[in-house]
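What follows is a short report on a single structure.
No value in this document is a laboratory result; all are computed from the given coordinates. Since this is a predicted model, take the numbers as computed values, not measurements. So basically every Cβ, Gly included, is an ideal-geometry build from the backbone, and we count neighbours across all protein chains shown.
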Amino acid sequence: MPILTAGSVVFAALNATNATAAAATNGTQAPAAGGAGGGAARKPITDSELVFDVDMFLLAGLAVFFLLLLPRAVVRFTHKREWIDGHFLRSVHIEEPAGQVNAARVGTKRPTDFISAPYNPSTSYDVSDSYGQQYKEQWAASESDVSHTYVSHSNLVRKGSVGGRESRRPSLPTHMLGISTLIPALSALLRTNVHGGLTIGKAIVLVCYSAIMLYAGLFMSDPLSQPVRAGFVAVSQFPVVVALGAKNNLVGMFIGFGYERLNYFHRFAGRVYVLAANVHAIGYFYSWSMDGSFAQTIVIPKFAWGLVALICADLLMLLSTDFVRQNFYNAVFIPSHIVSAVVMGVALSHHYPVCIPYVLVATGVYGLDRFLRIIKTSVATARLRPLPDLGVTRVEIPTLNAGWRAGQHVRLRVFSMGMGLRGWAESHPFTIASVSRCASGEGLVLMVKKAGDWTNKLYEVAQRADYGEANGLGGTVKVIVEGPYGGPGHAIFSSFSGAMFVAGGSGITFGLAAIQDLMKKDFEYRSRVRAMELVWCIQDPSSLTPLVPLFSSLIAQAQEASASLRISVYYTRASANPDVLKPFRALPPGLTLSPARPKLGMNLQGVIDRASASFTGDKSRTSDNGTPTGVIVGVCGPAGLGKDVRRAVANVSADSRRKIGGVELHEEAFGW
């Protein structure tokens with residue numbers, strides 16, 4: 001157990017230093033306890049020893065989570081690709097697999113041009129022949145170079161008639177049941193939303209952490225008369241707060257969670273730290289004020305440094321409110337966080353020697369994070385394309401074509417005069433909208449929806465770049481890409497028998513990337529998925545127009561895949577112009593547009609039925625005749641949509657769960 005070994009070394013060092021410094025800090029000691037009849041007294045425990053024991057208890061709690069998730073982590077890393085994908089972006093040479101024919105090679109156009117031709121509502125689509133002969137003729141004759149889709153799918157290729165699917169030995173991923181599959185009722189309860197993004201499971205974690213901190217602060221100690229205990233509690237949590245706030249989160253690495261999924265704990269631990277620091281300081285301020293020595297004592301260097309650390313902690317708290325994060329993340333929140341944390345670390349080191357080991361541990365954690373962020377950062381040239389129908393900017397980086405998993409995101413920084421001086425310094429997260437190792441050559445693709453000043457400026461730069469390219473001036477910019485981060489953790493989507501992805505608005509990038517990744521793996525004989533469904537919730541039905549060619553071709557590709565695919569689009573805002581719906585009266589089979597909120601329970605049950613039926617019906621088209629391995633449900637969108645998906649997963653009947661092998665939920669969410 002490397003986590004316990006490393007933790008023991010760190011905290012043993014802290015304990016040794018604390019023990020020698022306890023006398024210098026006037027650490028309170030618990031009174032000696034004697035047994036009945038005057039038995040031998042126990043050795044009193046010092047404040048430093050108490051907080052050390054508390055930290056070790058927290059480490060043991062982390063170890064429990066690690067052990068619970070260890071089987072799935074072990075299974076994940078038995079696959080070679082999992083060691084190299086999902087950690088660092090890179091460029092690799094990609095050769096088209098033998099025995100496969102790229103259906104996009106029609107005429108002389110590039111694959112992206114062929115696939116991205118405008119949707120023609122008067123054209124009927126025959127999905128029995130991949131894209132349909134009329135689609136081929138229309139696209140082959142197109143002279144425009146457009147790529148107005150969220151995700152290019154030119155990497156998807158039809159299986160050639162030579163060799164066939166059965167001629168190649170499949171390399172199917174091993175499936176490991178998740179904890180939520182083993183205890184579905186308890187998992188559904190823990191995922192129940194309490195307030196905002198806080199679920200019952202998260203609330204339990206925070207309540208347990210609060211109880212531990214209260215014990216550490218109040219056990220045989222009076223905060224008013226013995227404020228030094230609160231100071232020990234505060235400084236002991238300084239490395240915890242820093243570790244949980246790091247992008248390359250050591251805690252998340254051990255349990256398979258991205259930093260964004262642990263951010264709620266980072267914020268709460270930070271509040272506990274600030275509360276303990278203020279209790280510590282107020283106790284001394286009260287004592288000094290009562291005896292009239294405040295002015296003389298506060299100028300003593302060690303107490304002056306303590307005041308500086310307190311001011312930094314309070315500033316962090318004030319500048320970390322939801323309002324500041326949402327409106328001034330890059331301008332105020334990030335700079336204040338970095339400056340205040342650095343100054344606070346220096347001040348704590350000068351406040352008392354007992355603080356130095358904790359500051360050093362926090363510095364080491366922060367330094368490791370910065371080092372990993374540097375080596376995970378790439379400087380590249382990107383091509384910007386404005387997509388007016390969708391209100392997004394398509395960012396294509398062809399020099400980075402491997403290293404990520406479906407559902408992961410990167411942080412993007414754009415160097416262009418059109419972004420302004422402040423825009424150069426801002427870094428924003430975006431979900432990767434393309435498939436790793438894509439044979440089309442498009443590389444890493446991001447879809448940036450206009451949602452603020454920075455994204456609006458990027459769209460304007462893309463418009464000017466698009467115009468300049470048309471006039472032979474070029475349309476590229478320099479970018480810095482950092483990542484990848486987040487993603488499905490230790491879960492392997494392709495190891496499930498069924499998959500349903502629910503997206504709201506721009507969350508379609510996650511859903512399409514996941515679907516394409518599964519289809520690509522199916523063509524490579526590396527997927528167990530038998531049934532897939534993509535559910536997209538939009539406000540305006542016109543948002544579907546530019547994606548009809550993409551959806552149609554995906555459904556067509558699935559005709560020769562092991563996994564069936566259905567795409568269900570729902571719009572919630574009725575259009576004042578009835579002509580808007582006319583182009584969608586001839587949608588290909590498998591693609592539907594409905595004017596209502598989705599009944600996700602029915603969608604999920606359909607995926608379960610289709611996936612389980614493949615194990616009892618004709619198995620000639622499949623490579624795996626084993627038992628069902630469950631259904632993975634992914635969601636990316638507004639909080640309300642996530643709540644509906646959680647409810648749908650919780651309401652799946654016990655019989656359906658047993659029939660398919662369980663239902664597991666993955667929520668893809670990101671916030672400042």
Amide H neighbours of Arg566 at under 5 Å, excluding residues fewer than 5 places away on the same chain, with H built from the backbone geometry, are Met532, Glu533, Leu534
In terms of the Cα gyration tensor, with a ≥ b ≥ c the square roots of its eigenvalues, is the stretch 188-269 rounded because a/c is under 1.5, prolate because a/b exceeds b/c, or oblate? oblate
Which cross-chain or sequence-distant (5 or more) residues have an amide H under 5 Å from the amide H of Leu665, H modelled 1.01 Å from N in plane? Val633
Looking at the stretch 515-666, what % of its DSSP beta bridges pair antiparallel, to the nearest 5? 0 percent
Pulled fully out, how much extra length does the chain show between Asp389 and Trp424, if you take 0.36 nm times their separation in residues and subtract their Cα-Cα distance? 9.9 nm
What ranking of Glu460, Glu426 emerges when the number of other C-beta atoms within 10 Å of each C-beta is taken as an exposure proxy, fewest first? Glu460, Glu426
Once both label points are put 7 Å beyond Cα along the C-beta direction, the Arg585-Ser287 separation in nm becomes 8.4 nm
Quick one: 3J(HN,Hα) in Hz for the stretch 247-258, Karplus 6.51/-1.76/1.60 with θ = phi - 60°, rounded, Gly and Pro as x. 5, 8, 7, 4, 4, x, 4, 6, 9, x, 10, x
Where a ≥ b ≥ c are the square roots of the eigenvalues of the C-alpha gyration tensor, would you call the stretch 493-559 rounded, which needs a/c under 1.5, or, failing that, prolate if a/b is larger than b/c, or oblate? prolate
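Take peptides 194-203, 546-555, 357-366 and line them up by average Cβ neighbours within 10 Å, highest first, as a rough protection proxy. Please report the intermediate quantities before stating the final value.
Values: 194-203: 13.5, 546-555: 23.1, 357-366: 19.8.
Per-residue Cβ counts within 10 Å, averaged per peptide and sorted highest first, yield 546-555, 357-366, 194-203.
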Using r as the Cβ-Cβ distance of Val92 and Tyr215, and R0 as 41 Å, what FRET efficiency do you calculate, to the nearest 0.05? 0.20
Past the 22 Å Cα-Cα mark, which pairs from Lys521/Lys643; Lys247/Lys302; Lys202/Lys247; Lys520/Lys582? Lys521/Lys643; Lys247/Lys302; Lys520/Lys582
Chain lengthening between Asp540 and Ala451 when straightened (0.36 nm per residue, less Cα-Cα): 30.4 nm
Which value, in debye to the nearest 20, gives the size of the charge dipole of the stretch 371-453 about its Cα centre, when Lys and Arg are +1 and Asp and Glu are -1 at the Cβ? 200 debye
Starting from the Cα-Cα distance between Arg370 and Asn193, subtract it from 0.36 nm times their residue separation and give me the gain in nm to one decimal. 60.3 nm
Relative to a virtual label point 7 Å from the Cα of Arg437 in the Cα→beta-carbon direction, which members of the stretch 511-534 show backbone nitrogen distances below 15 Å? 517-528
At a Förster distance of 35 Å, what's the computed FRET efficiency of Ile300 paired with Val342, Cβ-Cβ distance as r, to 0.05? 0.90
